[in-house]
Amino acid sequence: MVNALTTATTERAAPRTRSAGPTVDRRARARRRQVVVAYLFLAPALLFFAVFLILPLGFALLLAMSRWAGFDLGDIQLLGTDNFTGLFADGSTFLAPILTNTLLFALGTVVLALVGSVVVATCIDNLRFQGLWRTLYFLPIVTTVVAVGNVWKYMYEPGGLVNGVLNALGLSSVAFLQDPDTALPSVVVVHAWASVGSAILVLTAGLKSIPESYYEAAALDGAGPVTVFWKITLPLLRPSLLLVCITQFISGLQSFALIIVMTAGGPGDATNVAALEMYRQAFSYGHWGPASAAAFVLFMVVLLVTLVQLWIFRRKGEDA
């Protein structure tokens with residue numbers, strides 16, 4: 001009796017098993033068609049990505065391990081890692097002062113821009129006509145770097161506005177861009193001033209996202225403005241501060257145009273940075289190999305600094 005029931009059950013289940021095969025095949029074919037259609041839609045973006053990113057990256061890596069003057073591709077001579085080792089060899093100026101200047105420039109820009117944008121954004125958040133103030137601070141962003149650099153260059157001159165103010169205060173003139181000790185900090189101030197506008201927009205959006213209930217509770221507890229800023233505003237601005245830190249640091253590490261307009265890397269190598277040195281090596285001297293090797297070194301520095309910043313903020317409890 002049990003065998004008969006088992007046989008009957010198996011016979012009834014057999015058609016279902018046989019019919020499941022075509023259904024699975026149809027679903028697999030439909031899935032493959034969806035994948036093909038998806039890749040067809042992605043093809044233009046993938047082609048653009050390959051032509052303008054993958055191929056140049058591969059060619060840059062080839063140049064970093066070669067000697068090439070920048071004219072005939074047939075003249076490329078493979079050197080291995082000689083260009084990379086040459087950057088850090090004895091007598092090379094890439095590590096010091098060029099890479100050192102780059103890091104100091106980026107660090108100074110981040111500190112000044114971050115502090116300035118936090119203060120200004122907090123003040124604007126408590127003023128009327130906030131859109132007008134944000135627009136005024138954003139104007140340097142939409143102004144060309146050449147114009148900004150030349151205006152500040154004339155302001156830094158011995159007879160310029162900055163020294164005029166110092167003289168009016170009874171202080172002596174300062175050779176801001178001619179003195180190796182003051183040239184780099186002077187350019188850092190200009191770069192930070194020009195980039196404060198974008199940081200203010202980010203921080204203002206962060207301030208608007210903070211619920212008013214926190215401030216109302218702090219007011220009921222009798223907390224003062226300084227306590228509210230340190231205990232409520234600043235901790236809740238951490239995501240915005242992370243974004244500002246990363247973007248400002250990357251911008252500082254890649255800075256090139258402002259320096260070449262204001263100082264051209266001088267006096268001496270006081271303001272020479274990695275991006276400017278790469279430009280000189282490639283377009284002025286025709287040394288494309290060392291320039292490409294320096295570009296990869298700078299890329300690794302940018303990547304390392306970004307990862308460190310993300311790690312620091314995540315340790316403080318912020319999911320970036």
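FYI, it's all coordinate maths here, none of it is from the lab. What you see is a predicted model, and the numbers here were worked out from it, not measured in a lab. So basically every Cβ, Gly included, is an ideal-geometry build from the backbone, and we count neighbours across all protein chains shown.
The alpha carbon centroids of region 233-254 and region 280-294 are separated by 31 Å. Amide H to amide H, which residues 5 or more places from R67 or on other chains are under 5 Å from it, using H placed in the peptide plane? The list, which skips near neighbours in sequence, is Q77, L78, L79. In a reduced charge model with +1 at each Lys and Arg Cβ and -1 at each Asp and Glu Cβ, the chain shows a dipole moment near 1980 debye about its Cα centre. One chain, two ends: I141 and Q178. Fully extended at 0.36 nm per residue, the span grows by 10.7 nm beyond their Cα-Cα distance. In the elastic network of the chain, a GNM with C-alpha springs shorter than 10 Å, the most mobile of L276, L169, L132 is L169.
Here r is the Cβ-Cβ distance between A89 and I210 and R0 is 45 Å; the resulting FRET efficiency, rounded to 0.05, is 0.30.
Expressed in Å, the radius of gyration and Dmax of the Cα atoms of region 74-191 are 20.4, 65. Compute a Gaussian network model of the chain, connecting alpha carbons closer than 10 Å, and tell me which residue from R27, R134, R280 fluctuates the most. It is R27. Taking the charge dipole of the chain about its Cα centre, with +1 at Lys and Arg Cβ atoms and -1 at Asp and Glu Cβ atoms, the residue from A38, V174, F283 reaching farthest to the positive side is A38. Length gained on full extension, F283 to A96, computed as 0.36 nm times the residue gap minus the Cα-Cα distance: 65.1 nm. Here the gap between A264 and F52, fully extended at 0.36 nm per residue and compared with their Cα-Cα distance, gives a gain of 73.4 nm. A Förster radius of 56 Å, combined with the Cβ-Cβ distance separating A28 from L169, puts the computed FRET efficiency at roughly 0.10.
Please go through region 96-166 and write out the chymotrypsin sites (Phe, Trp or Tyr not before Pro) that DSSP classes as loop and that have at most 14 other C-beta atoms within 10 Å. It would help to have the intermediate numbers written out before the result.
On the way: sites: F105, F129, W133, Y137, F138, W152, Y154, Y156; in loops: F129, Y156.
Loop-located and lightly packed - F129.
Between A223 and A43, the simple label model (points 7 Å from Cα in the Cβ direction) yields a spacing of 5.8 nm. What FRET efficiency would be calculated for the residue pair L236, L103, taking the C-beta separation as r and a Förster radius of 22 Å, to the nearest 0.05? Approximately 0.15, to the nearest 0.05.
Tally Lys and Arg at +1 and Asp and Glu at -1 over the other residues with C-beta under 14 Å from the C-beta of R67: what net charge comes out? Intermediate values should be presented prior to the final figure.
Working: positive: none; negative: D72, D75, D82.
The answer is -3.
Reducing region 34-53 and region 162-180 to their Cα centroids gives an inter-centroid distance of 57 Å.
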